[in-house]
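A.B. asks: Below is the structure I would like to discuss, written out as structure tokens.
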Amino acid sequence: MTIRFSSITAPLRTSLLPLVAALVLAGCASTAEVATNITAPAQFKEQSVNTDAAAAPVQAAGDWWRAFHDPSLDALVERAAASNTSIQQAAARLAQARALARTVDSDRSVQVGVGAGASRQAGLDRNQGNKPSTLLNAGASISYEVDLFGKLAGASNAATLDAQSRESLLQSARLLVQAETAQTYLSLRALDAERGLVREQVEAYGDTLRLTERRVRAGDLAELDMARVQTELSATESEAIALDRQRALLEHALAVLTGDIASNFELPSAEWSTALPNIPAGVPSTVLERRPDVIAAQKSVQAAQARVGVAQTAWFPSISLTGGGGSASPDLSDLFKWSARSWGIGALLSLPILDGGRREAGVQGASAQLDGALASYREQVLIAFREVEDQLASLRLLREQSAVQALAVASAQRATVLSDSRYRNGYVSQLDLLDARRSELRNRRQALQVKSAQYQATVGLIRALGGGWGVATAVGAL
């Protein structure tokens, strides 16, 4: 369409220039790309010092927990996927967003309606005087808004992008619940192992106490020695009870994650035989492109950008086409006769001239929303990189700590064996034996805690990478 100014007076032409400029800007802004000012590195910083080259087979998308080869874990994650309330809430929000998208898109379609009515009145028709008259009518109406400037299409696109963002948030909720279920289960199994270790130490203190009691009765030791052993035994039993309490709380947390009542949920103690998958070296940073929360933030930016274009189309005129047809008659028997027919068509073009700055404020508000969405997207990407680097650093340092701690455990166990033998033969004091046992228990528990931290960091890394470390499912761009 060409706009000619030759026949327009100078004052009018001057008043229309800002409008034309706004129309041009609106058409350009709806398709412009928004810069995110984020340059992603080729790989993660911690990968340069990660020398682990062996990796467990990469599982299919959504089944990353199977790399741990633990049937109990598999069953719990599947239960959580089916019954977790956080996932159900996210699914409901997605359904709501999709319904809203369909509602907005329906404005682009032809609107057809039918209706019928009856009225009785008097005094309005001078020919009838005050005599009441009845009018019956029935008909159909049709309307359609011509979307010449993309206002309706832009609103529909924004709503669709919102729904896609909600879909990604649902995937993010699933991943979060899967990771929390796995981490809670692994923490519980680590506690089972630690509880077994402490109970084993309780039995060892019990043997020492019985030996000490015999020696006290024989007069070889003083009662003070027996009191010391009894103190260690009671203190260790107290620690075992504290671990029992922690396990009960983790079991209740698993019940909530799997959508069950804590009173009905029970997970018996079992040996901690879960495999620890290794993350391969050289994982590219592009895997973050498939993180659902990053995708959701990206879709929100695109939706906000579309709404800026919609707000700018308020400067364009709107065109609506209407039509209707039916019949009207004072008698029901004549309502559908050909002579009672009526019809009408119409077109309406509207363009507000003065609105007190409403349209400009709408554009400014949409632009501010876009700025906020961009900041949220950038923040989400920064958080994603931080989480991956955190877990990579944790795995690297925990691997080193585990090797050093293993040496400490071996030395502590050897010291306990030697101290126990020498104590039974009267070469060392009871304090030496108790100190050796305390050192062994402390180091063995520390080793278990390091092992548990390795499992937690592995699950955390898989979650930070979006559910695995393969690149086949990566989509989008940072």
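The values are calculated or read from the model by the stated rules, or taken from the named source; none is laboratory data. Treat the numbers as computed from the prediction; the structure is a model and nothing was measured. Cβ atoms come from the backbone with ideal geometry, glycine included; neighbour counts cover every protein chain shown. Ligands, DNA and RNA are stripped out before the accessible areas are found, and what is left, the full protein with its side chains, is counted by its heavy atoms. Shrake-Rupley method; radii C 1.70, N 1.55, O 1.52, S 1.80 Å.
A.B. asks: Pull up the cross-link candidates among the aspartates and glutamates for Lys299, meaning alpha carbon to alpha carbon under 12 Å and not fewer than 8 places away within one chain.
C.D. replies: Straight-line reach from Lys299, under 12 Å: Asp162, Glu167.
A.B. asks: Then there is this: Roughly how many nanometres apart are two label points built 7 Å out from the Cα toward the Cβ at Glu271 and Leu148?
C.D. replies: 8.0
A.B. asks: Still on this structure, please answer the following. In Å², and per residue, what accessible area does the range 116-252 have when probed at 1.4 Å with the other protein chains present? The partial results should precede the final answer.
C.D. replies: Values: 7200 Å² over 137 residues.
Dividing the accessible area of the range 116-252 by its residue count gives 53 Å².
A.B. asks: I've got another one for you. Expressed as a rounded percentage, what relative contact order does the range 198-278 have, with Cα pairs under 8 Å and six or more residues apart?
C.D. replies: Values: 38 pairs, mean separation 20.3, N = 81.
Computed over the range 198-278, the figure is 25 percent.
A.B. asks: Taking the Cα-to-Cβ direction at Ser106 and at Leu407 and moving 7 Å from each Cα, how far apart do the two end points lie in nm?
C.D. replies: 7.2
A.B. asks: Hey, what do the phi angles of the range 90-97 turn into as Karplus ³J(HN,Hα) couplings, whole Hz, using 6.51/-1.76/1.60 and θ = phi - 60°, x for Gly and Pro?
C.D. replies: 5, 5, 5, 5, 5, 4, 5, 5
A.B. asks: Any idea what the relative contact order of the range 144-263 is, in percent, if you count C-alpha pairs under 8 Å spaced at least 6 apart? Present the calculation step by step, with values, prior to reporting the outcome.
C.D. replies: On the way: 56 pairs, mean separation 37.3, N = 120.
Relative contact order comes out at 31 percent.
A.B. asks: What list of ³J(HN,Hα) values in whole Hz, one per residue of the range 428-441 in order, does the Karplus curve 6.51 cos²θ - 1.76 cosθ + 1.60 (θ = phi - 60°) give from phi, with Gly and Pro shown as x?
C.D. replies: Taking θ as phi minus 60°, the curve returns 10, 7, 5, 4, 5, 5, 4, 5, 5, 5, 4, 5, 5, 4 Hz for the range 428-441.
A.B. asks: Quick one: length gained pulling Arg378 to Ala235 fully straight, 0.36 nm per residue minus the C-alpha distance?
C.D. replies: Extending this stretch completely gives an extra 46.4 nm.
A.B. asks: Still on this structure, please answer the following. Using only protein heavy atoms and a 1.4 Å probe, report how much of Lys45 is accessible, in Å² to the nearest 10.
C.D. replies: Using a 1.4 Å probe on the heavy atoms, I get roughly 150 Å².
A.B. asks: OK, next. Over the range 341-478, give the accessible area per residue in Å² for a 1.4 Å probe, as an integer.
C.D. replies: Details: 7560 Å² over 138 residues.
Accessible surface, normalised per residue, equals 55 Å².
A.B. asks: Next question. Suppose the Debye formula is applied to equal point scatterers at every Cα of the range 170-307; what is log10 I(q)/I(0) at q = 0.09, 0.10, 0.14, 0.20 Å⁻¹?
C.D. replies: The calculated log intensity ratios at q = 0.09, 0.10, 0.14, 0.20 Å⁻¹ are -0.54, -0.61, -0.86, -1.14.
A.B. asks: Here is a follow-up. Less than 15 Å Cβ to Cβ from Gln312, Lys/Arg counted +1 and Asp/Glu -1: what total charge do the surrounding residues give?
C.D. replies: Net charge around Gln312: +1.
A.B. asks: Another one. Obtain the nm distance between the two label points defined at Ala361 and Gln88 by a simple spin-label model: each point lies 7 Å from its Cα along the Cα-to-C-beta direction.
C.D. replies: Label at Ala361, label at Gln88, 4.3 nm between them.
A.B. asks: Express in Å², to the nearest 10, the accessible area of Asp432 obtained by rolling a 1.4 Å probe over the protein heavy atoms while all chains stay in place.
C.D. replies: 80
A.B. asks: Using the Cα gyration tensor of the range 122-246, with a ≥ b ≥ c the square roots of its eigenvalues, what is the shape: rounded (a/c below 1.5), prolate (a/b larger than b/c) or oblate (neither)?
C.D. replies: Prolate.
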